[in-house]
1. Could you tally the net charge around Val90, taking each other residue with its Cβ under 13 Å from the Cβ of Val90, Lys/Arg +1 and Asp/Glu -1?
2. Using the basic label-point model (7 angstrom from Cα toward the beta carbon), what is the Arg131 to Leu17 distance in nanometres?
3. Suppose R0 equals 35 Å. What FRET efficiency, 1/(1 + (r/R0)^6) with r the Cβ-Cβ distance, do Val121 and Leu38 give to the nearest 0.05?
4. Given 0.36 nm per residue, what is the gain on full extension from Arg147 to Leu94 after removing their alpha carbon distance, in nm?
5. According to the square roots a ≥ b ≥ c of the eigenvalues of the Cα gyration tensor, what is the shape class of the range 2-83, taking rounded for a/c under 1.5, prolate for a/b larger than b/c otherwise, and oblate for the remainder?
6. Cut-off is 10 Å between beta-carbons; in what order do Ile254, Ile3, Ile248 appear when sorted fewest neighbours first?
7. With +1 on each Lys and Arg Cβ and -1 on each Asp and Glu Cβ, and nothing else charged, work out how big the dipole of the range 24-103 is about its Cα centre, in Debye to the nearest 20.
8. Take the Cα of Val230, step 7 Å along the line toward its Cβ, and report every residue of the range 122-162 whose backbone nitrogen sits under 18 Å from that point.
Amino acid sequence: MLIAQITDLHIQPKGDLAYGLVDTNQLLATAVAHLNRLRPQPDVVIATGDLVDNGTIAEYEMLRQLLAPLKAPLYLAMGNHDDRAAFRDVFGTLPYLPKSGVLHYVIEDYPLRLVVLDTLVAGASYGELDRDRLAWLEAQLEAGRDRPTMIFMHHPPFVTGLPGMDRLRCRGSEALAAIVCRHPQIQRIACGHLHRSIQTLWAGTLGSIAPSVAHQVALKLDPDISSAFVMEPPAFHLHLWNPDAGLITHTAYIGEFDAYSYKTKAPISLFADDHTPAPVA
Ligand SMILES: [Fe+2]
């Protein structure tokens, strides 16, 4: 089973740029075209929050338009830039979404069980799993103790060493850690929010953060330096579930980069069906 995790799309109303600088709409269009060219195709694509930048209906309509060409089944999660009501106005009829309240759900259709959490706190940049949300999670995990499971949530519950972002992580993490420790079927907690590829062991499982398909957060570990964004290559995580080997995660960069055959040294296109030499421009 192959899961493409895209995150932090920050879609704008048509024609607008994020921070007046980043064409996030074009970057998502490029990401969708890239995903559609993958061989094999992902079984699912999950977007782990910050789907849009300001939580407006116009932005969610733009998002729907940009995601329409995607071939693989798509699942959407909330981030701190999202708004549940505006999201539901545009996407509320999707069959996997609950009709009211927080947007938690479980996808049961695949060899790996996918639990998607909603860590959004309206008006806040940090996230939270409060008592009700944690109780929901624990009930779901109890109901699927024998099934390998992956958790998706926008705000990481673990520390990353990026001081500005660590202040905005998911609250309720101690109680979450206790639940995770009681459920060894959890293969991974896959997050967004940090706009970087990061991994750490946490609560007996691996915590991972996927890079953004748009701009990245600069790697600044000095607590005295203010945070910044950087136009490193957009990327996503490709999680490969192999029942014999476990869950393997690749960072996949979006775009077409110079590539060469080891055998002939000729330029090739990695997207070509048989990796035959690309036409030389
Ligand atoms: Fe973000």
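Bear in mind that the values in this text are calculations on the coordinates, not laboratory data. Please read these numbers as outputs of a predicted model, since none were measured by experiment. As a convention, Cβ positions derive from the backbone with ideal geometry for all residues, glycine included, and neighbour counts pool all protein chains shown.
1. Numbers: positive: Arg64, Arg84, Arg88; negative: Glu59, Glu61, Asp82, Asp83, Asp89.
Here the count lands on -2.
2. For Arg131 paired with Leu17, the spin-label model returns 4.8 nm.
3. On the way: r = 34 Å, r/R0 = 0.98.
Calculated transfer efficiency: 0.55.
4. On the way: separation 53, 0.36 × 53 = 19.08 nm, distance 2.48 nm.
Contour length minus Cα-Cα distance gives 16.6 nm.
5. Details: a/c = 2.11, a/b = 1.59, b/c = 1.33.
Judged from the Cα gyration tensor, the range 2-83 comes out prolate (a/c at least 1.5, a/b above b/c).
6. On the way: Ile254 20, Ile3 26, Ile248 10.
With the fewest neighbours first, Ile254, Ile3, Ile248 line up as Ile248, Ile254, Ile3.
7. On the way: 7 positive and 8 negative charges, 77 e Å.
Rounded to the nearest 20 debye, it is 360 debye.
8. 160-162
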